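Engineer: Pasting in a structure now, in structure tokens, and then I'll have a few things to ask.
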Amino acid sequence: MLWRQHTVYRDRAGGVVIRGEHVQRWISLAPSGRKDEILLRAGRILDGGTTAPARSETVVPLCTGTGELATACRRLLAETAADAAPPAPAPGRTKRSEKPKRPGRKRKRMSLASWTILACVVGVVALYAYSTATTGTR
């Protein structure tokens, strides 16, 4: 059942990584550098599918049973989930309703210099059209 909901693979250091896309979390089991110990690390999976750095880690002796190892994994994943939860608003404070932002660029207003240049260009085009019409040049 694990392989249906999770992706299991080896990382570059030789450890095992288990990714749970449906819960947006990952956990890795790697050698700790000491004999008979394993390093457990847990973190979040970001929106684009990339993994964030580990939020919590612990070292577990291998002489403990699988129940203790599973408990340590659950604890790390719970800590990671708690770190990712948005902070609760302070009691007694009300949130003001904000104006919804519209997607796209903000409209910039044209400065006086821009309007002056535009008026001059329109004037030159109008003067050319007038002079062409009155002189009858073809």
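Engineer: Within region 19-29, track down each residue that is over 10 Å from Gly43 (Cα atoms) and open to solvent by 20 Å² or more (accessible area, probe 1.4 Å). Write out each step before concluding.
Structural biologist: So in region 19-29, the residues over 10 Å from Gly43 (Cα atoms) come out as 20-23, 29.
Those that are over 10 Å from Gly43 (Cα atoms) and open to solvent by 20 Å² or more (accessible area, probe 1.4 Å): Glu21, His22, Val23, Leu29.
Engineer: Ala70 passes all but one of (1) within 18 Å of Arg44 (Cβ to Cβ); (2) at pLDDT 80 or above; which number fails?
Structural biologist: Unmet condition: (1).
Engineer: May I pose another question? Does Arg41 qualify as being among the basic types (Lys, Arg) and at pLDDT 85 or above?
Structural biologist: yes
Engineer: Look through Arg41, Arg25, Arg34 and report the one residue that is within 17 Å of the chain's Cα centre (by Cα), on the phi < 0 side of the Ramachandran plot and among the basic types (Lys, Arg). Outline the logic, then answer.
Structural biologist: Details: Arg41 fails: within 17 Å of the chain's Cα centre (by Cα); Arg34 fails: within 17 Å of the chain's Cα centre (by Cα).
Of Arg41, Arg25, Arg34, the one residue that is within 17 Å of the chain's Cα centre (by Cα), on the phi < 0 side of the Ramachandran plot and among the basic types (Lys, Arg) is Arg25.
Engineer: Which members of region 43-60 meet the condition of being of a type outside the set (Lys, Arg), open to solvent by 30 Å² or more (accessible area, probe 1.4 Å) and in contact with a Ser or Thr (Cβ under 8 Å, 6 or more places away or on another chain)?
Structural biologist: Hits for region 43-60 are Ala54, Val59.
The values are calculated or read from the model by the stated rules, or taken from the named source; none is laboratory data. Bear in mind the structure is a predicted one, so any value in this text is a computation, not a measurement. Note that each Cβ is placed from the backbone with ideal geometry, even for glycine, and that neighbours are counted across all protein chains shown. Heavy atoms of the whole protein, side chains included, go into the accessibility calculation; ligands, DNA and RNA do not. Shrake-Rupley method; radii C 1.70, N 1.55, O 1.52, S 1.80 Å.
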